[in-house]
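Novice: Have a look at this one.
Rule-based calculations on the coordinates, nothing more; no lab input. All values derive from a computational prediction rather than experimental measurement. A quick note on method: Cβ atoms are made from the backbone with ideal geometry, for glycine too, and the neighbour counts reach across all protein chains shown.
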2 protein chains.
Amino acid sequence: MSNTPIILKKTTIATSRLFRIESLDIEFSNGEQRNYERLARGNPGGGAVLVVPLLDDDTVLLIREYSAGVHRYELGLPKGKTDAGESFFEAANRELKEEVGYGANNLHHLASFSIAPSYLEHMTEIIIARDLYPEKLDGDEPEELEVVPWQLSNINGLLATGECTEARSIAALFMAVEHLKKL
Amino acid sequence: MSNTPIILKKTTIATSRLFRIESLDIEFSNGEQRNYERLARGNPGGGAVLVVPLLDDDTVLLIREYSAGVHRYELGLPKGKTDAGESFFEAANRELKEEVGYGANNLHHLASFSIAPSYLEHMTEIIIARDLYPEKLDGDEPEELEVVPWQLSNINGLLATGECTEARSIAALFMAVEHLKKL
């Protein structure tokens, strides 16, 4: 593997409420130079979590939620940004309570995912939540989210619905199955 | 499921070489209104492909590539945007020739992934490439990409390297395994 390229210059070229676009001038170890643009994290130091809530070893709780990026409802795993000062586990449990109506006694960090590593700085922490108990927290959702229990042994059936398209949810579900095999 | 929310107003609030940030005023079927920001597709009408190149039924060809978003090398599947007028299959075969040094006689559309559906409009088409033959096309890569053959039966070993973090690559590899079981 080559040495990691050097950042010659980093500039913020646009900022909005949620996003910050950076320009990076990069020099590779062979002397080649390129300019890249990337979307920088909106909450510096913070991050995002995606939760795999397991009601039992074969039942995962999905939510059906409006997704403005693709402007349609998407069936997938609950997720959200960490609030200031929150650990990933605290954020996962809060999102679970807000979006699914459960808390978890058992939280396990499964993986750290990049999303589009060539142009997004963002990472998402994948947390498996087990030993659930009912607890509802009010979130900032504009409407009640529909909770959809699904059999983990039927991921292929979920994909066939066409409603679950998010790579993070799909990867996390397959990895959760692998994880449970080892328990 | 509720009716899809209505877009009351859509505005471009920032534009750069690669990105366009949109503001969406959305009204839900219960009357609630919210403002969302999303990153719109940079190449309208176009898209992106991610290729699963199979040298044989248990060997996938990965590449190790500098990823500016996360500023490090990432081990994953070859990918890229479609050029104007290109089909997804044409784009997949071109990216394969540029990044891996193979063409494919057999291309199959496996899935359409969203990446971060709450704030990205982008979708990625996942293409399985089989019946490969050596053919190298010059791309615009700043350095030669390292091609890394990996056993499909050892995805867990790949994840354990910590070098393969991209949710799209991980989800596509697991789905490729499921697809091959059905052949």
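Novice: In the range A:20-64, which residues have a backbone nitrogen under 13 Å from the label point lying 7 Å from A:Q151's Cα in the Cα-to-Cβ direction?
Specialist: Of the residues in the range A:20-64, A:58-60 have backbone N under 13 Å from the label point off A:Q151.
Novice: Which residues in the range B:116-141 place their backbone N less than 20 Å from a point set 7 Å from the Cα of A:R72 along the Cα-to-Cβ direction?
Specialist: Only B:116-127 pass the distance filter.
Novice: 7 Å along Cα→Cβ for the label point: how many nanometres lie between B:E143 and each equivalent label in the other copies, listed shortest first?
Specialist: Taking the point 7 Å beyond Cα along Cα→Cβ, the inter-copy spacings are 4.9 nm.
Novice: For the Cα atoms of chain A, what angle does the longest principal axis make with the long axis of helix A:88-99, in degrees from 0 to 90, nearest 10?
Specialist: The answer is roughly 50 degrees.
Novice: Using the structure shown, select from A:K97/B:K9; A:K181/B:K181; B:K97/B:K181 the pairs with a Cα to Cα distance greater than 24 angstrom.
Specialist: A:K97/B:K9; B:K97/B:K181
Novice: Along Cα→Cβ, 7 Å out, is where each label goes; now give me the distance between the ones at B:T161 and A:D57 in nm to one decimal.
Specialist: Each label point is offset 7 Å from its Cα along the Cβ direction, giving 3.2 nm.
Novice: Sticking with this structure for a sec: May I ask you to report, in nm to one decimal and beginning with the shortest, the distances from B:K10 to the same position in the other copies, taking label points 7 Å along Cα-to-Cβ?
Specialist: 3.3
Novice: Normalised by the residues of chain A, what does the relative contact order come to in percent, with Cα pairs under 8 Å and at least six apart? Could the numbers behind the result be given before it?
Specialist: Numbers: 355 pairs, mean separation 38.7, N = 183.
Computed over chain A, the figure is 21 percent.
Novice: I'd like to compare A:141-148, B:48-55: which one has the highest average count of other Cβ atoms within 10 Å, and what's the full order after that?
Specialist: Packing proxy ranking, top to bottom: B:48-55, A:141-148.
Novice: Still on this structure, I have one more. Once amide H atoms are built 1.01 Å from N in the peptide plane, which residues 5 or more positions from A:T59, or in another chain, come under 5 Å H to H?
Specialist: Long-range HN contacts for A:T59: A:L152.
Novice: At B:T4 and B:E32, where each label point lies 7 Å from the Cα along Cα→Cβ, what is the point-to-point distance in nanometres?
Specialist: 2.0 nm
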